[in-house]
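The values are calculated or read from the model by the stated rules, or taken from the named source; none is laboratory data. From a predicted model like this one, the values you see are computed outputs, not experimental measurements. Neighbour counts run over all protein chains shown; Cβ positions are idealised from the backbone, glycine included.
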Amino acid sequence: MSEEILRMSHICKSFPGVKALKEVDFSCKKGEVMVLAGENGAGKSTILKILSGLYQADSGEIFFNGKAVKIKNPLEAQKMGIAMVYQELTLVNEMTVAENIYLSIEPTKKFGLVDRKQIESSIQEVMGQYGIELDLQTMVKDLPVAQQQMAEIVKILIRQPELIILDEPTSALARKEVTQLYEIIRSMISMGKTIIFISHRLEEVFEIGDRVTVFKDGSYVDTKKISEITEDDLIRMMVGRSLQNIFPEKTQPEQEIIFQVKNLNVPKHLRDISFSVRRGEILGIAGLQGHGQTELFNAIYGILPRETGEIITAGESLKIGNAKQAIKQGLALVPADRKNEGLFLLRSIRENLAIISLDQRKKLGIFIDGKKEKKFSLDMKEKLAIKLASLRNEVASLSGGNQQKVVLGKELAINPKVVLFNEPTRGIDVEAKREFYNIMHDLARSGVAVIMYSSDLMEVIGMSNRVAVMYEGTISAVLQGEEITEENIMYCAYGASLANKGERTL
Amino acid sequence: MAEKTLKRGRAGNLMAIGGPQAVVYIGLAAILIIAQIISPGYLKMDHILTMLRLAAFVGIASIGQTFAVLTGGIDLSIAYVITFANIVGSQVMYGENQNLPAAVLTVLAVGAGVGLVNSMGIKFLKIPPFIMTLGVGTIVQGIYMIYSGGAPKGNTAPLLREMCGNNIFGRVSGILVLWFILSVVVITVLKFTPYGRKIYAVGINQKAARFSGINVSGIIFSVYIISGITAAITGFLLVGFTGTSYLDTGTKYATTNLAAVVIGGTAITGGRGGYGGTIAGAIIMTVIDDLLVIINISQAGRQVVQGIIILLLVFSYSQQKKN
Amino acid sequence: MKIKSACNYIFKDKYFQNRYGNVMLIYAFLLALIVAASLFDENFLTVGNFKNLLLTSFPLLMVAFAQGMIIFTGGIDLSLGATVALSNVACVLLMNPDSPVGFVLPIFGGLGVGLCCGIANGVIISKAKIPPIITTTATTAIYEGAALLLMNEPGGKIHRPFAKFLTGDVFHIPVALFLLILIFLFVRTLTNYTPYGKALRAIGGNESAAYSTGVKVDRIKIKVYILGSLLAAVAGIFLSAQMFSADPRLGKQYSMNAVTASVVGGILLTGAVGDLMGTVAGVFIISVINNMLNLIGVSSYYQFVFQGLILIVVLSLPAIKEKRAMN
């Protein structure tokens, strides 16, 4: 039990502009569930991708089963007995479940043909062992995400690795499937396998882990036995301070309504959404992932076509058919996927900041006024405290937090009346988070309607004056004041209404 | 030599940004030096002007390609549009100056029309640019074959021949002047107007461009229409240059127009590079071709060398990016 | 017996329906086209015309198989046509019409040329990471130039018995048909039923997923470009027999027509999806249309227009379908 299966020492890894791992150590023992915890951007995924052969470390050593090893690609890792379930699924949509599970290790019969019968029977056997049910002949693209996740896990199991890495495998799963996954993990352990589990959900760490290693900002913090620590200890290890004081103090909003959405409908995504925001207020949106939050923002912003729905600022109904019109009428969106939706990574910081507001700084009617643009981008850099070497550098060279500030900066350039924040602090460090919270707070106080969705509940609770909880494309409840608790939000996020809560618990 | 100064200035700028565009001018200088060694007297003004005049055709034809590649697309119909415009232009002109305005308008309409069809397929029918433009190219080929019956008619108007000759402005050809003006316009548009910025934005990240309120469809339409027009202009000018039209006028430009863009350091994935590099790319392609002629290499051999050079340069750019 | 079981394996495929249902549709279309053609012209439905159709389609079939396999990986090879020309020229230049075995060296020569072209494409694309379009545009110039260097205009001498055999019959069945069936069974089995085929499609579907699953991406890509060029070489060798000479400029249309045939045959340009079975129909659809146009006496210029139109129409179907579904 106490035999060490893996030791990684002094691992360093840099990406352009970011030091992802700084001399990090990590090890685990045979037969345990080692949880790797830490905030987004702490380097958890990076170190495990080095272990799985997807990335190469800049320096450092890896010992597996006592031997020094070099892992040049995923194939080598697999051969050694290391397999990883990545956050981004590694399934091929256009192939069947069975084909995906056995990809690259297909057994053959004569003429080198794939032995489909053997494939099916051995998958069935493994699935039976772990109590998993999947239709093997379905195309992966036709499966719901949760089942895709299961297929991914079967794909790992079939390769019979000694060491299994699971990178936030529960983020796409409903509660029932999470329980099933825990079962699978336990039976894997009972078969003598070792598991490394990345998570930032506290309850998960305590439910499934034997030991926990904490990373913070690319450095190793500590390793502890789960049985010997409390949730508070863990938070302190992860965040470096207790969570309470990173949010600015909430202020009382005024009565005046400055932004309103009425009867918003988007086929297949949103049903009868209505809400309003008062001056000085931050409206939080909560709910489980995939219940229409992103669609709500995109629909307001004109990216997703609406069937019905009125969008009103300052008592005036807006005509929004695309993002251009939305921007013109003072709406701004900080999209969830900063790299794909927010930024032009390979262009300069200055160009990124300027892109939305180009038309405001023209000279002779057609040219970009370089001087004005430079001043504008310097001002924005000051205002948002963006840490950068030169405005001419590519945005890709910035850290996550500063990239996110550039996204916000390009939106703020149009002096928006409404700002929609979709996962504003995903993948950025604590300090940047705190700055972001202050900016949001200041925006709200200056009379901008601020609406924010985050999958991080603490954030929603810490920031919002009111919280609208979404469930299956509708708003299932709006909570305010004392009602805003983790328990209440989760309760509504599963579709129950708060009014019934009392009866149920009774 | 105003063009040279312009290039120097741009090279300085590009150097600051870094990347392949600066390298391509170093490459150009190296090639010119080699040329001077192989064939003394190569760098004489007269010869340089002759070279630049030839490069102008490639240069103008690759304006549109630069735009298309910058948005992350590609236009493989250019060679066919050149031939089409060449044939239509010469037929409409029929050797008369008075037909020139009609010829110019027809040719521009032809180019814009092909570009419009390309962009509709790419944007509305969601057909990948390379295959859409290849398909449209094939159709254009069929159309000009049918139109000309396999035997193109007509010839250049004297005025056009004059312009394409070698000495309209002193010793400088009208074509070269036109290329220079177009270059200034193109570089200014790409670098200093909102429209140019948006082209880069679309090329880097279409989704983010849409989220940033950029009219992505509009940009893509404009780019392929511009490409059709610049190809048509090239085809039209070639009537003046050769005096008449041929069925394979465009063939030569099929590889060179794309090569000029890629050699010029514009990333084939879109969003990086610019016309400054393409100018050098066009000159490099022309000088190399010319040099190979001087040392008696056949057309076929020149083609082989061209292909190898494209691969080597593109490879060296991709290595540079890694470091 | 072995062949029978292999055939069973292919045709009694229980996933055939849901997976390759599209192929059925394409064959139905081909059938309809043949019916239409025979109603239109009584000369169409003759053994002679079909033989003719087979012989003229054979080179394109080879190149289309090649293009199809390459498209499965999400790539494209625009130099296949030039490879056809180059191996055609090499094959004819090596012919010794006077020796009874004077056709052996040319065959290996032609294939050797194909091998080299394929290795060059594959290595540049997968190791130097230059996009397939750029790589194969450049290598097109090189291969075409090389063909012209070897032979600047059509000509050359052919080994007569060899040419007669390749384009002739054995037991009243064209040799080309035997060859076609053999090669088809090989490439289709390879792409549909072997680990290699699964890997091809996985790369086309999601390259990074394939890589992190342990697929040897580079090696598989290099192999597919080699195999593709070898098939192009087969086309080149066959053409030398068919034309009784070599033509350094003959290759041009093949790359493009092969893309059209693949697309018409239901292969998605985005990679992973499709079946070479459909490609066969795709090639014959193009050939039948050209054949009809010839029989009616339409100028061959119209064939360019038709081919371009077919390509664009087929490729626009998904977008049109999607629009319909939305409304």
Selection from the stretch C:284-326 of residues hydroxyl-bearing (S, T, Y) and either under 18 Å from B:M132 (Cα atoms) or within 22 Å of the chain's Cα centre (by Cα) (or both) yields C:S287, C:S300, C:S316
Among residues belonging to the stretch A:282-326 that are in a strand (DSSP E or B) and in contact with a helix residue (DSSP H, G or I) (Cβ under 9 Å, 6 or more places away or on another chain), point out the one that is nearest to the other protein chains (Cβ to nearest Cβ).
A:I311
Condition check for C:I142: under 18 Å from B:A254 (Cβ atoms), touching a Ser or Thr at 6+ places or on another chain (Cβ under 9 Å) and surrounded by fewer than 24 Cβ atoms within 10 Å (Cβ to Cβ):
yes
Selection from the stretch A:94-109 of residues surrounded by fewer than 19 Cβ atoms within 10 Å (Cβ to Cβ) and more than 8 Å from chain C (Cβ to nearest Cβ) yields A:P107, A:K109
Within the stretch C:251-267, can you find the residues that are in contact (Cβ under 8 Å) with a residue 60 or more places away in the chain, more than 28 Å from C:M151 (Cβ to Cβ) and more than 11 Å from the chain's Cα centre (by Cα)?
C:V264, C:G265, C:G266, C:I267
Failed condition for A:K410, given (1) among the charged types (D, E, K, R); (2) closer than 17 Å to A:K19 by Cα; (3) touching a helix residue (DSSP H, G or I) at 6+ places or on another chain (Cβ under 7 Å), with all others met?
(2)
Residues of the stretch A:407-446 being among the aliphatic types (A, V, I, L, M) and either touching a His at 6+ places or on another chain (Cβ under 6 Å) or farther than 23 Å from A:Q293 by Cβ (or both), which ones?
A:A413, A:I414, A:V430
Taking the criterion of being over 25 Å from A:D429 (Cβ atoms) and either among the β-branched types (V, I, T) or over 25 Å from the mean Cα position of the chain (by Cα) (or both), would at least one residue in the stretch A:36-47 satisfy it?
no
Filter the stretch B:118-143 down to the residues that are more than 9 Å from every other protein chain (Cβ to nearest Cβ) and not charged (D, E, K, R), then identify the one that is surrounded by the fewest Cβ atoms within 10 Å (Cβ to Cβ).
B:M120
In the stretch A:228-243, is there at least one residue being part of a strand (DSSP E or B) and at pLDDT 90 or above?
no
Residue ID - surrounded by the most Cβ atoms within 10 Å (Cβ to Cβ), chosen from residues in the stretch B:201-241 that are among the polar types (S, T, N, Q) and over 14 Å from the mean Cα position of the chain (by Cα)
B:S212
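Being within 30 Å of C:T270 (Cα to Cα) and not aromatic (F, W, Y) narrows it down to one residue among C:T135, C:T167; which is it?
C:T135
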Within the stretch C:286-312, track down each residue that is more than 9 Å from chain B (Cβ to nearest Cβ) and β-branched (V, I, T).
C:I286, C:V288, C:I289, C:I296, C:V298
Answer yes if at least one residue in the stretch A:320-331 is more than 21 Å from B:S217 (Cβ to Cβ) and surrounded by fewer than 14 Cβ atoms within 10 Å (Cβ to Cβ), and no otherwise.
no
Filtered residues of the stretch B:22-39 (kept if free of Cβ contacts under 8 Å to residues at least 12 places away in the same chain and over 22 Å from B:V314 (Cα atoms)):
B:Q36, B:I37
Where in the stretch B:242-323 are there helices (runs of 4 or more DSSP H), lying fully within it, with 3 or more residues that are away from every other protein chain (no Cβ under 12 Å)?
B:275-294
Given the criteria out of contact with any helix residue (DSSP H, G or I) (no Cβ under 6 Å at 6 or more places or on another chain) and among the small types (G, A, S), does C:S245 qualify?
yes
Kindly indicate the residue of the stretch A:355-400 that is more than 14 Å from chain B (Cβ to nearest Cβ) and of a type in the set (D, E) and also farthest from B:L190 (Cα to Cα) among those meeting that condition.
A:E382
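Conditions (1) over 30 Å from A:F111 (Cα atoms); (2) within 11 Å of another protein chain (Cβ to nearest Cβ); (3) surrounded by 17 or more Cβ atoms within 10 Å (Cβ to Cβ); (4) touching a residue at least 60 places away in the same chain (Cβ under 8 Å), marked per residue:
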position: C:M151; (1), (2), (3), (4): yes, yes, yes, yes
position: C:G156; (1), (2), (3), (4): yes, no, yes, yes
position: C:I173; (1), (2), (3), (4): no, no, no, no
position: C:L177; (1), (2), (3), (4): no, no, no, yes
position: C:L180; (1), (2), (3), (4): no, no, yes, yes
position: C:F186; (1), (2), (3), (4): no, yes, no, no
position: C:P195; (1), (2), (3), (4): no, yes, yes, no
position: C:A199; (1), (2), (3), (4): no, yes, yes, no
position: C:A202; (1), (2), (3), (4): no, yes, yes, yes
Unique residue being part of a strand (DSSP E or B) and touching a residue at least 60 places away in the same chain (Cβ under 8 Å) when the list is A:V419, A:V406
A:V419
So, in the stretch A:62-83, exactly how many residues are part of a strand (DSSP E or B) and facing chain C (nearest Cβ under 8 Å)?
0
Check the stretch B:203-219 and report whether any residue there is within 14 Å of chain A (Cβ to nearest Cβ), without any contact (Cβ under 8 Å) to a residue 12 or more places away in the chain, among the basic types (K, R) and under 22 Å from B:G59 (Cα atoms).
no
From the list A:E459, A:E487, which one is crowded, with 20+ Cβ neighbours inside 10 Å, acidic (D, E) and either touching a residue at least 12 places away in the same chain (Cβ under 8 Å) or part of a helix (DSSP H, G or I) (or both)?
A:E459
Yes or no: A:L91 within 13 Å of chain C (Cβ to nearest Cβ), under 20 Å from the mean Cα position of the chain (by Cα), part of a helix (DSSP H, G or I) and crowded, with 20+ Cβ neighbours inside 10 Å?
no
